Structure formats: C-alpha cells, structure tokens
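The values are calculated or read from the model by the stated rules, or taken from the named source; none is laboratory data. Keep in mind it's a predicted model, so treat the numbers as computed, not measured. So basically every Cβ, Gly included, is an ideal-geometry build from the backbone, and we count neighbours across all protein chains shown.
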Amino acid sequence: MEAIVIHHIIKQFGDVTALNDVSFTVNEGELFGLIGPDGAGKSTLFRILTTLLVADKGSASVMGLDIVKDYKTIRRSVGYMPGRFSLYPDLSTEENLRFFATIFNTTVEANYDLIRDIYVQIEPFKKRPAGKLSGGMKQKLALCCALIHKPAVLFLDEPTTGVDPVSRKEFWEMLQRLKERGIAILVSTPYMDEAVLCNRVALMQKGRLMDIDTPQDIVDRFQQPLWAVSAADRYALMEQLRQYDDVASSYAFGEHLHVTLKSGEAGEERLRGRLSGFNDLQLFRTRAGIEDCFMFLMQEQHQ
Ligand SMILES: Nc1ncnc2c1ncn2[C@@H]1O[C@H](COP(=O)(O)OP(=O)(O)OP(=O)(O)O)[C@@H](O)[C@H]1O
C-alpha cells in the first residue's frame, strides 16, 4: 500500500497560490524528500497532510485514510515535526518526551525501543530545559517526540534547517534507520546535499512540482553540457554572462559559476572568446549534480 497519496492539491492564500496542482505518492518504508526554497509551498503541504489545514481542491490520503473524513485517526497515527521549534522550552528534555507520550495515550517505556538510538544521545541532558539545548539536540528531541507513539508515517518539515553539519549528518543517519524499520518519511529540506540521501525526491518551486524521481535519475536526465567558470572579479564575470545571449543558465555554485549554453557544446570556444578579458579565467566542463538540475528547472519555469 502507498503510505501517502496526493491528488491534484491546490491551495490559495489570497493572490498567492501556495500549492498548484500537486500530485505524488510516497510508498511504505520510503524516505521521500520535498526539496525547494523558502516559499515553495512545502509547509503548506505538510499542514494539509497532517490535517491542520484544508486544501481548496484535490484530495489526499495517509495510510489509506482520507485527510478530511478521517482526520482524527490520521492525527493519532502520524508523527509530525513542524518547521519551527515544536517543543515546550520550559519543560526538560525528559518532561517533553513524557508529555508527548501522554497526549498520545502511551508511555515512553512502551515505545522506547523505537527512539533508543536517538534518545541515548540526548539523555545526558534529560534534566535540561528544552529551550536551552543546542540546535542539533533540539531536533533530536523533537524527532523522539514525533516518534513516541510509533507512527506509521513521519512528516518532517525542514528538520535540519539551522543545524550544524555534524548534527545534520547524524540526523539523516537516524532517518535511514527509521526507514529500515518500515516507517514512511516525508521530509522537506532546502539543502540540496540532503536530496541525494532520499529514495525519491520532488523538486518544488512556487507551489509546483518540477520533477519527481530518484536523485540519480534526475541527475542522469540532465543532458546539457555544463561548464564551471571562475575569475577573481566574480561580479564582472556574472555581468558578462548575464549579457551574453547564448547563455541559457548561469548561477553561483561554490567558488564557480555554473553555465549552460543555448548552443551547447559547440558554443565553448565562443564563450572563451567572450570571456578572454579575464586574465585569471578558469573554464572547464563539469558534471551536473542535483542542484544543477534544480537551478536549470527553476530558470526554465521562470522563462
Ligand atoms: N497562512 C498564510 N497566509 C498567507 N500566505 C501564506 C500562508 N501560509 C503560507 N503562505 C504563503 O504561501 C507560500 C508557500 O508558503 P510555505 O510556508 O508553504 O512555503 P515553504 O516552502 O514551507 O517555505 P518556508 O520554509 O519559507 O516556510 C508563500 O508564498 C507563503 O507566503
């Protein structure tokens, strides 16, 4: 059975279309990533799927339950970690966990098995108020709280935003282990490097899904030749590229700019000629990653 089925969901806020005809499915035991920048519509979709907000059009189900008709059962059987800090800052680590267990009519002891790996990392701070934990610790505690009633589906809205790189890595390792236990996970992130850790991803921009597939298949579909270009005067380089009409896309990527050309491979020599005024120019072919696919699709949609 599919864990989540989303069918043509539309949601408007006044003039803003937060979700524009969104459809996809998440399988049981799948780690599915919703990748997109701020304002893409990720949180709105989470709120609809966790029954906190009603869509204008379309339908969806979670574990076969309808998000409108069966909202009470869904609330009992899913785990949700909202984007912002969702814990009670004045309650200790331990008290937060007991509180969440109680509202789901269970006990920490009954389901400790599921959270053990994660909780042992924050247990030394069990007496500390949640508001005084580090960012990474808060996220681990929030994940424990979202898991304490053994949900079949987990909704994690930007769980690693603002968290240090080591904690981010640990957090994703935890998600991999939860997935292996059969829990379906829908997780949103603005970080492209996290996309590759998902079984499948949906690339989202301004309420629309631009692509859905495995990260590898998305990258493999990127057929355009891609160049990495850099020079000390990055601003002047960007300006030159912006004014060159053969440039199909150009965007900052680490210390380089990544560039595709309308004329493709044949345009490389003309591009070199065009940029010959930069005496420290570096220009070489490079391989696309998922971020390139996302940027390319974004620019394509924009045009
Ligand atoms: N309650 C609301 N009232 C008005 N506009 C809203 C409301 N909620 C969301 N929006 C708008 O809908 C769009 C999508 O917002 P949403 O929060 O779902 O995006 P997001 O991808 O989660 O980004 P972020 O990480 O910034 O929350 C944005 O333009 C946002 O301003």
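A few notes on this one:
- Within the stretch 179-193, being surrounded by 24 or more Cβ atoms within 10 Å (Cβ to Cβ) and in contact with a Ser or Thr (Cβ under 8 Å, 6 or more places away or on another chain) holds for 188, 189.
- Some residue of the stretch 52-60 being within 16 Å of the ligand (Cβ to nearest atom), acidic (Asp, Glu), modelled with pLDDT of 95 or more and part of a strand (DSSP E or B): no
- In summary, residue 205 fulfils each of the numbered conditions (1) outside the structural domain of residue 42 (by TED's automatic domain parsing); (2) touching a His at 6+ places or on another chain (Cβ under 9 Å) with the single exception of condition (1).
- Contact annotation: no residue pair with Cβ atoms under 6 Å, 6 or more positions apart or on different chains, pairs a residue in the stretch 8-29 that is closer than 12 Å to residue 57 by Cα and assigned by TED's automatic domain parsing to the domain that holds residue 54 with a partner that is among the aromatic types (Phe, Trp, Tyr) and part of a strand (DSSP E or B).
- Residue 45 under 23 Å from residue 171 (Cα atoms), within 16 Å of the ligand (Cβ to nearest atom), crowded, with 18+ Cβ neighbours inside 10 Å and at pLDDT 95 or above: yes
- Those helices (runs of 4 or more DSSP H) of the stretch 152-231 in which at least 2 residues are within 27 Å of residue 52 (Cα to Cα), considering only elements entirely within it, cover 165-180, 192-195.
- Count of residues meeting criterion [surrounded by fewer than 20 Cβ atoms within 10 Å (Cβ to Cβ) and closer than 17 Å to residue 235 by Cβ] in the stretch 258-278: 4
- Members of the stretch 79-93 that are more than 16 Å from the ligand (Cβ to nearest atom) and either closer than 13 Å to residue 144 by Cα or touching a Phe, Trp or Tyr at 6+ places or on another chain (Cβ under 6 Å) (or both): 79, 87, 93
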